[in-house]
Amino acid sequence: MNNAPALLKNVPDSPAGRQLKWYVGLLLSAGEGASAADRDRYTPEFAPRMGPFESDDREREGWRGFAGRLGEISELSEVEPRSEFKIDARITAAKNRKWQLSVEVEPDPPHRISMLNWERQFEFKLEVREAAEADAPILADIERRCPIVLGDTHVHFDRGTDYFAFARLMEDCTIGIASVDGVPAAVSCGTKHRVRIGGVIRPIVTVVHLRVLPEHQRKGLWGAANRALDKYWKTVDASHAYISVDNAGMQHGFINTPNKWSVLALRVQLGCAALAGPATGRIATAADAPTIVELLNSFHGREEMYVPYTVESLRARLERAPELYSWDKVWMTDGAIVGVWPAGESLRVVSETKDVRTESLRGVVLDYAFKPGAEREFEALLRAACGRIHQSGMDTLSIFSSPSSPGVEVLRSLAREVEPFNMWTPGFAEPPDSRDHGLYVDPIYF
């Protein structure tokens, strides 16, 4: 922090200026001296956006991560007091990236911080807005042109003519589109929903996907496109994301992001042709809701991230987009249930490895559970589901689990492939016993 006096010398000694000095000083020192008591620096309404403030060590870890992502601050200039209680400053950080930092404080002592905002400064005209149905062709085109790199394999998603199908399954979804000099260049999708971490149900934002056209990467559009999600931050406790273990680019981008979990999420791929079995069980109806709720809650109840269902919340899930996923997509026996969204009706997964191109149409298991001892019934329902969607031209059934989740051994025994993903929850630390509980992944928000 030796360069702090020089960098901060032009910051005025005002209520807002003193808070700006404190905040930037912590960045310059990579969190040295930060503590859980810093919560009192912020208003009660704003404090949840700045951290959980669970302990001094975790606060310092969070500051170190933020300072690492930002990089070395080389200049603090254009300090503009808007009033005694609001101030702006331009910060130049690593790779000559420029930011405007705005700080606003309460007018009464102790002048707690009520607003703090970072905004990247660009050398081009940037526009960010929420996407509408009319943008579907543009959004689909961006996704097709932005492959995910997994080692030697490039994967992209072709959502066809119904781009918004996946979004209709979500309770509260926002898709943002960012344009560079008037040309669409990036798309971000985020959703607000509830999860349970350490036994506490919390509202969070999950960034479901983010795509930036190759010619516009490394321009700061990652954060810019996510501005469409700003409306959520005052009403949530944390953010949340999954990244493939094999996605080296995104793993590098998250290297300084705090609260990476040690428990992996597993996407298990079942080959439909090999596993296709005869129809078994029966189609569920709305009258089965209490039975299904009890079975799901008993099966997943110990897993982190799982929010127990009520009859009302299950009905809402199954009736939110009935053309995609409803009671007729849920099959059950006396001891097991499996609900499948035939995602391949609106989504094609395209992979290229060493100039070899493959296309896959997939179904996704959105809900499953079985009673103790009903493993065979569960397997029979999975095989029947593979048979049904295979007849519709789909080749893969995807289902999620974790290394210590119930049913994982049955899934591993049937798997054609198991894909591991890391999970981050910036704002909340992984509970110490999560490995014992397992990790629940709701595929709708994956």
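Listed here are the residues, each with its yes/no results for (1) closer than 30 Å to TYR42 by Cα; (2) part of a strand (DSSP E or B); (3) in contact with a helix residue (DSSP H, G or I) (Cβ under 7 Å, 6 or more places away or on another chain).
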| site | (1), (2), (3) |
| --- | --- |
| LEU101 | yes, yes, no |
| GLU104 | yes, yes, yes |
| ASP108 | yes, no, no |
| ASN117 | yes, yes, no |
| ARG120 | yes, yes, yes |
| VAL128 | yes, yes, yes |
| ALA134 | no, no, no |
| ILE138 | no, no, no |
| VAL149 | no, yes, yes |
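Being of a type outside the set (Phe, Trp, Tyr), within 23 Å of the chain's Cα centre (by Cα) and under 20 Å from ARG168 (Cα atoms) is the filter; apply it to region 308-333 and report the residue that is surrounded by the most Cβ atoms within 10 Å (Cβ to Cβ). Steps first, answer last, please.
Going through region 308-333, the residues of a type outside the set (Phe, Trp, Tyr) turn out to be 308, 310-324, 326, 328-330, 332-333.
Next, only the ones that are within 23 Å of the chain's Cα centre (by Cα) stay: 308, 313-314, 316-318, 320-321, 324.
Going one step further and asking which of them are under 20 Å from ARG168 (Cα atoms), we end up with 313-314, 316-318, 320-321, 324.
Numbers: SER313: 15, LEU314: 20, ALA316: 12, ARG317: 19, LEU318: 22, ARG320: 15, ALA321: 18, LEU324: 18.
By that ranking, first place goes to LEU318.
Would you please list the contacts, defined by Cβ atoms under 8 Å and residues six or more apart or on different chains, that run from a residue in region 146-160 that is under 21 Å from ARG218 (Cα atoms) to a residue that is assigned to a loop (DSSP other than H, G, I, E, B) and open to solvent by less than 40 Å² (accessible area, probe 1.4 Å)?
If the second residue must be assigned to a loop (DSSP other than H, G, I, E, B) and open to solvent by less than 40 Å² (accessible area, probe 1.4 Å), the pairs left are CYS146/LEU213; ILE148/ASN247; VAL149/ASN247; LEU150/ASN247; HIS156/CYS146.
Only one residue in ALA289, ALA343, ALA279 is in contact with a helix residue (DSSP H, G or I) (Cβ under 8 Å, 6 or more places away or on another chain), of a type outside the set (Phe, Trp, Tyr) and closer than 14 Å to ALA369 by Cβ. Which one?
Numbers: ALA343 fails: closer than 14 Å to ALA369 by Cβ; ALA279 fails: closer than 14 Å to ALA369 by Cβ.
Unique residue meeting the criteria: ALA289.
Residues to consider are ALA274, ALA248; find the one that is touching a residue at least 60 places away in the same chain (Cβ under 8 Å), within 28 Å of CYS386 (Cα to Cα) and open to solvent by 40 Å² or more (accessible area, probe 1.4 Å). Let's see the steps before the verdict.
On the way: ALA248 fails: within 28 Å of CYS386 (Cα to Cα).
Only one candidate passes the filter, namely ALA274.
So, in region 198-214, of the ones that are open to solvent by less than 10 Å² (accessible area, probe 1.4 Å) and aliphatic (A, V, I, L, M), which residue ends up nearest to the chain's Cα centre (by Cα)?
Out of the qualifying residues, it is VAL205.
If SER83 meets every condition in (1) loosely packed, with under 15 Cβ neighbours inside 10 Å; (2) farther than 18 Å from SER114 by Cβ; (3) among the small types (Gly, Ala, Ser) apart from one, which number is that one?
Failing condition for SER83: (2).
Test THR358 against the criterion of being in contact with a Cys (Cβ under 8 Å, 6 or more places away or on another chain) and more than 18 Å from HIS300 (Cα to Cα), and give yes or no. Working first, answer last.
Values: in contact with a Cys (Cβ under 8 Å, 6 or more places away or on another chain): no; more than 18 Å from HIS300 (Cα to Cα): yes.
It is false that THR358 is in contact with a Cys (Cβ under 8 Å, 6 or more places away or on another chain) and more than 18 Å from HIS300 (Cα to Cα).
Do you know which of the residues in region 22-48 that are open to solvent by 20 Å² or more (accessible area, probe 1.4 Å) and touching a strand residue (DSSP E or B) at 6+ places or on another chain (Cβ under 8 Å) is nearest to ARG90 (Cα to Cα)?
Filtering region 22-48 for residues that are open to solvent by 20 Å² or more (accessible area, probe 1.4 Å) and touching a strand residue (DSSP E or B) at 6+ places or on another chain (Cβ under 8 Å), the one nearest to ARG90 (Cα to Cα) comes out as ARG41.
Going through LEU411, LEU382, LEU397 one at a time, which residue ends up being touching a Ser or Thr at 6+ places or on another chain (Cβ under 6 Å) and hydrophobic (A, V, I, L, M, F, W, C)?
On the way: LEU382 fails: touching a Ser or Thr at 6+ places or on another chain (Cβ under 6 Å); LEU397 fails: touching a Ser or Thr at 6+ places or on another chain (Cβ under 6 Å).
None of the other options fit; the residue is LEU411.
The values are calculated or read from the model by the stated rules, or taken from the named source; none is laboratory data. Since this is a predicted model, take the numbers as computed values, not measurements. Please note: Cβ atoms are built from the backbone with ideal geometry, for glycine as well, and neighbour counts cover all protein chains shown. Side chains included, ligands, DNA and RNA excluded: accessible areas come from the protein's heavy atoms. Shrake-Rupley method; radii C 1.70, N 1.55, O 1.52, S 1.80 Å.
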